[in-house]
Every structure is written in C-alpha cells, then in structure tokens.
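The values are calculated or read from the model by the stated rules, or taken from the named source; none is laboratory data. These figures come from a predicted structure and were not determined experimentally. No Cβ is skipped: glycine too gets one built from the backbone with ideal geometry, and neighbour counts run over all protein chains shown. Note: accessible area is taken over every heavy atom of the protein model, side chains too, but ligands, DNA and RNA are not part of it. Shrake-Rupley method; radii C 1.70, N 1.55, O 1.52, S 1.80 Å.
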Amino acid sequence: MAERVRAAVSVEPGKLEIQEFPKPSLEEAALLVKMTMSGICGTDKHGYKGESVQYAGTPREISGPYPAIPGHENVGVIVEARHPRDGKIVDFYGKELKEGDRIIISPDILCGKCYWCRHKCGYTWCDNIRSYGHLDASVAPHLFGGWSDLMYVFPGSHIYKISEDVSDVIAVLAEPMAVTYSLDIAKGHSSLPNEGFTTGDTVVVFGVGPLGLCHLIKSRLIGASTIVAIDKSEFRLNFAKDFGATHTLNVD
C-alpha cells in the first residue's frame with residue numbers, strides 16, 4: 001500500500017478535518033519537508049471564518065480555496081530532494097541543500113518571469129503569485145501547507161537554511177519578522193543603511209498584536225531608545241513591556 005500523509009484541511013468555513021493524502025513523488029528540483037513547526041497567522045483565522053480574500057482591490061486579488069491545507073510560517077527538515085540533472089538545489093543565499101537540512105520556506109512562490117518580477121518590484125506585484133497554505137488541496141500533489149506531516153516545496157521557492165544555533169521556536173517567527181522591514185526603511189531617515197536607529201530615536205507601535213510585538217522587538221534590536229506601545233488590551237500591553245516597550249498607552 002502506498003504511504004499516506006496526514007494533514008489538517010480547511011474544508012469549508014468553520015470546519016477543519018484531518019485527512020490523508022498519498023505521499024507525492026517529486027518533480028525535478030522539488031523538496032519534501034517533514035514539518036517541525038508551523039505558525040497560525042491572522043490570515044489563517046480569517047480563512048477559517050470564510051474571510052479568505054487576499055490582495056483585495058488589486059489585480060492579484062484571490063479568494064482562498066476550500067479545501068486547503070493552511071500553514072505558511074513553516075520550519076521543517078528536508079527528507080527527500082530531487083536534484084536537477086544539471087546542478088544542485090540551493091537556498092536563497094546559494095547554500096547547497098540536502099536531506100537532513102533544517103529550512104524555513106517563504107510563503108510566496110513568484111514566477112520570476114513577469115514584468116514585475118523582472119523589474120524587482122515587491123513580491124505582491126507578481127502576476128502569477130501563489131502562496132503556500134492557500135492552494136487547492138484537491139489538486140495533486142496536495143501537500144501545499146505546513147499543517148501537514150509532510151509538505152511539498154515547489155522548484156523556485158525561496159528557501160533558507162537554518163544554522164544550528166537557531167531554534168525552531170525562533171525560526172518559525174522568520175515570516176512575521178520579515179514584515180518588520182518597514183523599520184529598516186524608517187531608520188534610514190536618521191542613519192546610514194548599515195546602521196541602526198540613532199541615540200534618541202523614538203518608535204511608536206500602534207497595536208501590539210503578534211506583528212506589532214515583532215515590530216517592537218525589532219525596534220529594540222536595532223537600537224531605538226524610546227519605544228511607545230499603544231493598544232486597547234492591557235494583556236497585550238503587558239507583553240509589550242516584557243519585550244522592551246519603555247512606555248505603554250491604553251487608548252481606552
């Protein structure tokens with residue numbers, strides 16, 4: 001009997017099921033990854049409630065399909081790799097990938113060929129963007145999300161090899177921490193590109209849910225001296241203090 005793979009499947013709004021799928025065979029330059037950790041994003045909660053439209057109001061607007069295997073903040077170990085005949089599989093920085101390597105996987109799969117990709121525009125501009133955790137699980141090879149024992153990683157995905165000193169618990173935050181790139185732009189108003197905030201710089205974070213906390217943590221890491229956290233929740237504001245906020249304000 002062919003090996004089966006378990007996954008949590010969003011079959012319709014408000015309904016998750018554990019289903020089994022056949023273990024897939026790999027196309028050239030694809031990977032099969034054993035999941036060790038997968039985050040729950042606000043997008044996953046919206047999809048669960050049926051609020052599944054992404055990139056709303058843009059030419060790339062899509063409505064997340066049902067059924068789908070959620071999970072796009074993913075950490076795992078490569079268990080199978082089908083190397084191309086003419087080369088190696090490498091991560092985003094050119095490091096060779098092989099079975100046993102721990103990796104994180106960017107949620108978004110870009111075509112690399114459209115006008116926007118060829119002119120280095122933001123990833124959401126890609127005419128043919130696809131996203132892990134938001135693909136039709138009824139279509140083979142099915143395993144397109146991290147809420148699964150195994151995940152299929154398409155050729156051309158942006159993959160990052162994790163060093164031994166980075167735990168899974170930290171690595172799974174890579175995707176939400178990537179959203180904090182706005183802070184790198186903000187600090188450019190007062191420092192050189194390879195430096196952090198300067199002495200006396202203040203950062204105000206409006207809303208300290210998960211992404212707000214990531215911005216707060218990043219602000220502290222790159223040297224902001226005063227960090228103000230604003231929210232309606234004392235629970236979240238107390239978290240903000242733990243993660244380095246120097247001032248908190250409850251808007252109520």
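Solvent-accessible surface of the stretch 83-190, taken per residue with a 1.4 Å probe and all protein chains present: 56 Å². Per-residue 3J(HN,Hα) values for the stretch 61-68, derived from phi via the Karplus relation 6.51 cos²θ - 1.76 cosθ + 1.60 with θ = phi - 60°, read 4, 9, 10, x, x, 10, x, 8 Hz in sequence order (x marks Gly and Pro). Once the C-beta distance of S138 and N238 is scaled by a Förster radius of 35 Å, the resulting FRET efficiency is 0.20 to the nearest 0.05.
For I109, the residues 5 or more places off, or on other chains, whose built amide H falls under 5 Å of its own are R130, S131, Y132. Enter the angle in degrees (range 0 to 90, nearest 10) between the Cα long axis of helix 210-221 and the first principal axis of the Cα atoms of the chain, meaning the one along which they spread out most. Here the helix axis deviates by roughly 60 degrees. Here the relative contact order of the chain, from alpha carbon pairs under 8 Å that lie six or more residues apart, stands at 18 percent. Which of the GluC sites (Glu not before Pro) found in the stretch 138-235 are loop residues per DSSP with 15 or fewer other Cβ atoms within 10 Å of their Cβ? In loop regions of the stretch 138-235 (DSSP not H, G, I, E or B), the sparsely surrounded GluC sites (Glu not before Pro) are E164, E195. Taken about its Cα centre, the stretch 99-252 carries a charge dipole of roughly 440 debye when the Cβ of each Lys and Arg holds +1 and the Cβ of each Asp and Glu holds -1. Among the GluC sites (Glu not before Pro) in the stretch 19-49, those located in a DSSP loop and surrounded by at most 12 other Cβ atoms within 10 Å of their own Cβ are E27, E28. Just tell me which aspartates and glutamates come within less than 19 Å, Cα to Cα, of K232; anything on the same chain fewer than 8 places away is out. Cross-link targets: D242, D252. PRE reach from C111 (point 7 Å along Cα→Cβ): which of the stretch 154-197 fall under 18 Å by backbone N? Residues 154-158 qualify, since their backbone N sits under 18 Å from the label point. Carbon and sulfur: what percent of the chain's accessible surface (1.4 Å probe)? So the carbon and sulfur contribution to the accessible surface is 56 percent.
Amide H to amide H, with H built 1.01 Å from N, L97 comes under 5 Å of I89, V90, D91, counting only residues 5 or more places away or on other chains. Charging the Cβ of each Asp and Glu at -1 and of each Lys and Arg at +1, and nothing else, the dipole of the stretch 51-163 about its Cα centre rounds to 480 debye. Between S225, S106, S190, the GNM of the chain built on Cα springs shorter than 10 angstrom shows S190 fluctuating the most. Between the beta carbons of E96 and H247, assuming R0 = 35 Å, the FRET efficiency works out to 0.15 to the nearest 0.05. Here the 3J(HN,Hα) profile of the stretch 105-121, calculated from phi with Karplus coefficients 6.51, -1.76 and 1.60 at θ = phi - 60°, is 10, 4, x, 9, 9, 9, 6, x, 10, 6, 3, 5, 5, 6, 10, 6, 7 Hz, Gly and Pro shown as x. Only aspartates and glutamates eight or more places from K49 in sequence, or on another chain, were considered; those with a Cα closer than 13 Å are E12. The label-point distance for R4 and T202, in a model that sets each label 7 Å from Cα toward Cβ, rounds to 6.1 nm. Applying the criteria of a DSSP loop state and at most 13 other Cβ atoms within 10 Å to the trypsin sites (Lys or Arg not before Pro) of the stretch 113-212 yields K113, K120.
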